[in-house]
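Read through the structure below, which is laid out as structure tokens, and then see the notes.
The values are calculated or read from the model by the stated rules, or taken from the named source; none is laboratory data. The structure presented is a predicted model; accordingly, all values stated were derived computationally and were not measured. Here the Cβ positions follow ideal geometry from the backbone for every residue, glycine too, while neighbour counts run over all protein chains shown. To get the accessible areas, we keep the full protein, side chains included, count just its heavy atoms, and leave off ligands, DNA and RNA. Shrake-Rupley method; radii C 1.70, N 1.55, O 1.52, S 1.80 Å.
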Amino acid sequence: MKSRDTKNRKPLTCEDTVGPYYPVQFLDDDRMDLTVLHPGLAHRPKGQQIVLKGRVFDINRKLATGVVLEFWQADANGMMRGPHNIGSPALDPAFDGFARCRVDGKYCLKTIMPGELAPEVAGEAARAPFINITIFSDGFSRLVTQAFFEGQSRNAIDPVLQAAPEPVQSRLVATRLNEELDGVPVYVFDIVLAGDGETPFFNDEPILEDQA
Amino acid sequence: MSGKILRIGPTDNTSDERTPRSPLLAIPKTARRGFAPWLNPRPASGTGLLDLTHIAPGKPRAQGSAIEVSGRISDGYGRPLRRAVIEVWSANTHGRYAHKDDQTDYELDPDFIGMGKLISDDDGGYVFHTILPGHYIARPDIGRWRPRHIHFSILGGASRLITQMYFKGDPHNDTDPMRILMGDKWEALQVGKEYATADNTTDVGYRFDITVAGKDAVFFE
Ligand SMILES: [Fe+2]
């Protein structure tokens, strides 16, 4: 055990399942359209508008009902909001990058293509464009994965995408459809929670485990 | 490197269908940022105590035993999580959720919704009033119960946590699949600690302190 482990003294509260009854009214519907910060605003974020849509399957390839999905991404400049860049003029003020929904296995997010995340914090690698997806559901506590985009040159050197074994890497890459939706490119990213074609998920538990 | 394998909740059908079978992948140290949303602290709501025991002013108090729930949210170093969004939801005294997807036969209380949001204060503290939730049978086919519990979602800083607070003495505690998965940590970390409340608005108080981790270690160094 390294010294950092002992600094983290308090035992963490256990994650628990969200259950089947996450209150629908906690979610604002407009949280699934990041191309406008608020429906009443005329301002639009910079960048190429895209649609990211897909389905969430269980082990039997049935749609998983009552799942809560959260999305988190950088703006078109590759700036992802964090405590280290509060007030940075490089942040797009018309974009906050956080969306969520509770769906019966099908989601559709209107957003902008995230920029390539530039290293802002010491030791960080440059990243291919990605959208982080967190999944809460009855049956497990929390899963996280990241969706990449077909045709992005940096995919080949992205450390997270490359952390997945080669045979399953393509499951982390959203494919572009031939047709568009209202003139906006559409990407498809299906999530398979378990079994054949299972989506790779990541262990983002903090500190104790991965610093040991 | 061997990854963590998630365990399947015993006797939980959904868990069997939805739990990944492959080990979770390790995240390279150079790319830890971005796995949990970082949200700006919300402005203090200033709306006073969240009281779920009344559906609206002037309406009768919800059925069951009124309780106070309070605690403090901090990170592993004890630093307060200020102005985090806390969402709470639970069943009514009969074990029924006021949720469209709860199709059970348990009685609906017209004076209880049991869902609310509040904001932690500058010390990470929170307090709300609600009704002691009932336990309910989640899988009648195999006789599996859920003991009394209140769901909590914490959104703020670089953390993202969904958890549940449990109550001592519920006959269904020991057979609960989530409690079994948590093992020894359950009693110390997940059970509300009883206290006497100052006035008689509520029957009893439960203290539930929550410790979150920065899911993104970058922000916590
Ligand atoms: Fe529940």
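Within the stretch B:83-106, being farther than 22 Å from B:GLY58 by Cα and more than 12 Å from chain A (Cβ to nearest Cβ) holds for B:ARG83, B:ALA84, B:HIS94, B:ASP105, B:TYR106.
When we screen B:ASP141, B:ASP123, B:ASP184, B:ASP174 for residues that are open to solvent by 10 Å² or more (accessible area, probe 1.4 Å), out of contact with any His (no Cβ under 7 Å at 6 or more places or on another chain), in contact (Cβ under 8 Å) with a residue 40 or more places away in the chain and of a type in the set (D, E, K, R), the only hit is B:ASP123. At least 3 residues being aliphatic (A, V, I, L, M) is the threshold, and among the strands (runs of 3 or more DSSP E) wholly inside the stretch B:71-143 those reaching it are B:85-90, B:115-119. Comparison of A:LEU143, A:LEU161, A:LEU177 shows that the only residue that is of a type in the set (A, V, I, L, M), at pLDDT 95 or above and in contact with a helix residue (DSSP H, G or I) (Cβ under 8 Å, 6 or more places away or on another chain) is A:LEU161. From A:GLU180, A:GLU124, A:GLU150, grab the single residue that is of a type in the set (D, E, K, R) and out of contact with any strand residue (DSSP E or B) (no Cβ under 8 Å at 6 or more places or on another chain). When all the criteria are applied, what remains is A:GLU124.
So, of the residues in the stretch A:66-83 that are facing chain B (nearest Cβ under 8 Å) and outside any strand (DSSP E or B), which turns out to be surrounded by the fewest Cβ atoms within 10 Å (Cβ to Cβ)? Among residues in the stretch A:66-83 that are facing chain B (nearest Cβ under 8 Å) and outside any strand (DSSP E or B), the one surrounded by the fewest Cβ atoms within 10 Å (Cβ to Cβ) is A:PRO83.
Can you tell me which residue in the stretch B:158-186 is farthest from the ligand (Cβ to nearest atom), limited to those that are more than 8 Å from chain A (Cβ to nearest Cβ) and assigned to a strand (DSSP E or B)?
Taking the candidates together, the pick is B:SER159.
Scanning the stretch B:24-68 for residues that are open to solvent by less than 40 Å² (accessible area, probe 1.4 Å), modelled with pLDDT of 90 or more and within 14 Å of another protein chain (Cβ to nearest Cβ) turns up B:LEU24, B:LEU25, B:ILE27, B:PRO28, B:ALA31, B:LEU50, B:LEU52. All of (1) facing chain B (nearest Cβ under 8 Å); (2) surrounded by fewer than 21 Cβ atoms within 10 Å (Cβ to Cβ); (3) in contact with a Lys or Arg (Cβ under 6 Å, 6 or more places away or on another chain) hold for A:GLY139 with one exception: (2).
Within the stretch B:50-61, the presence of a residue that is assigned to a loop (DSSP other than H, G, I, E, B), away from the ligand (no atom under 16 Å from the Cβ) and under 20 Å from A:PHE136 (Cβ atoms) is excluded.
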